[in-house]
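Heads up, the thing below is written out as structure tokens.
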Amino acid sequence: MKAVRAMLLLLFFIGLQPTFNSQALSTTYAVDKLELLVYICKGPASKRYHETPNCQGLRSCSTKIYEVTISDAKNLGRTACGYCY
């Protein structure tokens, strides 16, 4: 940090105006979008997605409990469980 400050002061005193490229200075992270996993029941009356497979809203599930992404659950017309969320 001291070296950067010294270089900027030197440039300033000799009359050169340093230019900064904000893109070059900013740190970017190439992070894949991670999707939250939720749990759903595929029974005929099922309407919700759940945070955990042990939610009391899933106790009466008549089928297997499936782990899906929250996007997939919403695309199936599911809304958040009132116990979990």
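The values are calculated or read from the model by the stated rules, or taken from the named source; none is laboratory data. Because the structure is a prediction, the values reported are computed rather than measured. Neighbour counts run over all protein chains shown; Cβ positions are idealised from the backbone, glycine included.
Quick rundown of the values:
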quantity: Qualifying residues in the stretch 57-85 (those that are loosely packed, with under 13 Cβ neighbours inside 10 Å and among the β-branched types (Val, Ile, Thr)) - the one modelled with the highest pLDDT; calculated: 79
quantity: Condition broken by residue 72, with the remaining ones in (1) in a loop (DSSP other than H, G, I, E, B); (2) without any contact (Cβ under 8 Å) to a residue 24 or more places away in the chain satisfied; calculated: (1)
quantity: Qualifying residue in the stretch 28-38 (condition: surrounded by 13 or more Cβ atoms within 10 Å (Cβ to Cβ) and at pLDDT 60 or above); calculated: yes
